[in-house]
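To start, the structure itself, in structure tokens.
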Amino acid sequence: MRKDLIRKYASPVPRYTSYPTAPHFHAGIDATVYRDWLANLPAGEAVSLYMHIPFCDSLCWFCGCHTRHTLRYDPVALYLESLLKEVETIGGLIGDRSPVTEMQWGGGSPTMLSAADMQRLVNAVRRHFTVAPDFAFGVEIDPRGFDIGRIEALARSGLTRASIGVQDFDSAVQAAINRQQSFAETEEAVLGLRRAGVASINIDLVYGLPHQTRDSVAATAEAVIGLRPDRIALFGYAHVPWMKKHQSMIDESLLAGPEERFAMANRVASLLTAAGYARIGFDHFALPSDSLARVAADGHLRRNFQGYADTPADTIIGLGASAIGRLPRGYAQNATATGDYMRRITAGDLATVRGIAFAGDDALRGFVVERLMCDGVLSRSELVHRFGAPAGEVIAELSEFAAADADGLISEEAGVFRLTPRGAVFVRSVCARLDPYLRQGEARHSMAV
Ligand SMILES: C[S@@+](CC[C@H](N)C(=O)[O-])C[C@H]1O[C@@H](n2cnc3c(N)ncnc32)[C@H](O)[C@@H]1O
Ligand code: SF4
């Protein structure tokens, strides 16, 4: 890849886990609006639940997630009471109109919950919602301290997929990010989950961390390939110390620049593809037997706040502090601070504090962004078929982009727009070109490579 292009497209852009993106959410979407959105969910609309557990028993300095450090269980137990109450409130609003086809627990570390509390939370969901028989259930797992009791509780609750954080096995890197994690404890978690019958296991890796080199990321990737997870996520380290104060513990002089980051990502990607993993979107890999690879091959891959997904559900209900939901009318986010969230929920209210209602051509551009991020292919006829005449403006922008695209990111042939292999690498920047909100906004984002 030409160095000038890497530098040009390294400039910060959103990760497009939503469109419009979160910096454009505003306080006009509050509990009253959200209550109305929930009450008007079309009957039979499949729903995916996302639950956020914002606690970790040790804080990794690179972490960009919404979480807080605690060594005591009391704050977690107290938080769980609010989550249970929110399950009851939202379940009451939706009633039995919408089947829950999927549930995802993220964080933070949902594995901070005790085995008994995991079971209580799942039982509450089953009591207050109508759970579909082929319910998919995924949990983000910190393998450090993950024990057999928790594995069994999750398996009994119907866990179908697990996502395990690794990041890097190199000891210098682990010291620099304050995350000590042995290969042995990671392997134990993978084997334990497999023995418990969990069908799909994902491992998260990160490149661009302090002290990483092409060789060190390759060594971690080789070790992970040896565990044969069904999926691997390869994230570029997002260094945003203006948003995440603890990232200032990371010595910036140890961080690689865009060209080296690009080389690290490429090295890992070649190892993974040589080992039989298919590339999914711009930062995921999956064995061809895994459902993520199968939906990607069929053109049904989705992108949402959890990254790439195989969910058929358009509607996501976010529960817990900072959780974001997507309803037919727009996005809604709960209060970020756990105390604020808990106060609102205990008062019997919803905790929505911001969001955005879809307006103008948001749904159209959201569709374009999602398809580019997922498949890299869009046809004029499909856009017109789905969105009618208003699709014309975006089609004209895409056409103009393809015609004047000196960098070779996107082509147009026989009415089909297609990202080139280079465009697929810089897909976030391609989407940014089609995002009018970005031109208005002041938000700061992370590097695109
Ligand atoms: C909630 S954590 C995963 C579960 C568990 N807390 C753990 O760390 O094992 C979500 C994932 O986001 C990724 N992540 C967190 N902060 C990041 C950052 N600043 N840049 C890129 N990826 C990040 C990591 O790969 C991490 O595994
Ligand atoms: S990476 Fe995982 S364990 Fe580490 S601080 Fe973030 S959420 Fe917690």
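The values are calculated or read from the model by the stated rules, or taken from the named source; none is laboratory data. Predicted model, so just to flag it, every value in this text is computed and none were measured. We place every Cβ from the backbone using ideal geometry, glycine too, and count neighbours over all the protein chains shown. Remember, those area values only see protein heavy atoms, side chains included, never the ligands or the DNA or RNA. Shrake-Rupley method; radii C 1.70, N 1.55, O 1.52, S 1.80 Å.
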- Query: Which residue, G64, G197, G388, tops the fluctuation ranking in a GNM of the chain built on C-alpha contacts under 10 Å?
  - Reply: G388
- Picking from Q174, Q306, Q119, which is most flexible by a Gaussian network model of the chain using Cα springs under 10 Å? Q306
- Å² of accessible area per residue within the chain, as computed with a 1.4 Å probe and no ligands counted: 40
- Query: Among D30, D96, what's the order by accessible area (1.4 angstrom probe), most exposed first?
  - Reply: D96, D30
- Over the heavy atoms of W61, what accessible area does a 1.4 Å probe trace out, to the nearest 10 Å²? 70
- Note on the structure: The alpha-carbon center of segment 156-188 and that of segment 310-381 are separated, in whole Å, by 29
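In segment 197-333, what percent of the accessible surface is made up of carbon and sulfur (1.4 Å probe, ligands and nucleic acids excluded)?
On the way: 2670 of 5020 Å².
Carbon plus sulfur share of accessible area: 53 percent.
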- Of L398, L254, L419, which is the most mobile in a GNM of the chain whose springs link Cα atoms less than 10 angstrom apart? L254
- Note on the structure: Using a 1.4 Å probe on heavy atoms of the protein chains only, the accessible area for F417 in Å², nearest 10, reads 0
- Query: Carbon and sulfur atoms: what percent of the 1.4 Å accessible area of segment 10-118 do they account for?
  - Reply: 56
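Sort the following peptides by mean Cβ neighbour count (other Cβ atoms within 10 Å, averaged over residues), highest first: 247-253, 121-127. Don't skip to the answer; put the middle values down first.
Details: 247-253: 13.3, 121-127: 17.3.
Result, highest mean first: 121-127, 247-253.
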- Accessible area of segment 362-411 belonging to carbon and sulfur atoms, whole % at 1.4 Å probe: 55
- Task: Set Lys and Arg Cβ to +1 and Asp and Glu Cβ to -1, take the dipole of the chain about its Cα centre, and tell me which of P258, S291, N178 lies farthest positive.
- Result: N178
- Reference-scaled alpha-carbon Rg (2.2 N^0.38 Å with N residues) for the chain: 0.95
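Quick check on segment 242-321: take the gyration tensor over C-alpha atoms, sort the square-rooted eigenvalues as a ≥ b ≥ c, and tell me if it's rounded (a/c under 1.5), prolate or oblate.
Working: a/c = 3.32, a/b = 1.25, b/c = 2.67.
Here segment 242-321 falls in the oblate category.
Going by the alpha-carbon gyration tensor, a ≥ b ≥ c the square roots of its eigenvalues, is segment 370-443 rounded (a/c under 1.5) or, if a/c is not under 1.5, prolate (a/b greater than b/c) versus oblate? Before the final figure, lay out the partial values.
On the way: a/c = 1.59, a/b = 1.10, b/c = 1.45.
Cα axes put segment 370-443 in the oblate bin.
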- Task: Enumerate the calculated ³J(HN,Hα) couplings along segment 287-297 in order (Karplus 6.51 cos²θ - 1.76 cosθ + 1.60, θ = phi - 60°), each rounded to whole Hz, writing x wherever the residue is Gly or Pro.
- Result: 5, x, 6, 6, 4, 5, 5, 5, 5, 5, 5
- Item | Largest to smallest accessible area among D283, D134 [probe 1.4 Å] | D134, D283
- Keeping all protein chains in position, work out how much accessible area V425 exposes to a 1.4 Å probe, and write it in Å² to the nearest 10. 50
- Per-residue accessible area, 1.4 Å probe, largest first, puts D170, D298, D4 in the order D298, D4, D170
- Residue (of F358, A424, A403) at the positive-pole extreme of segment 339-426, dipole from beta-carbon charges: F358
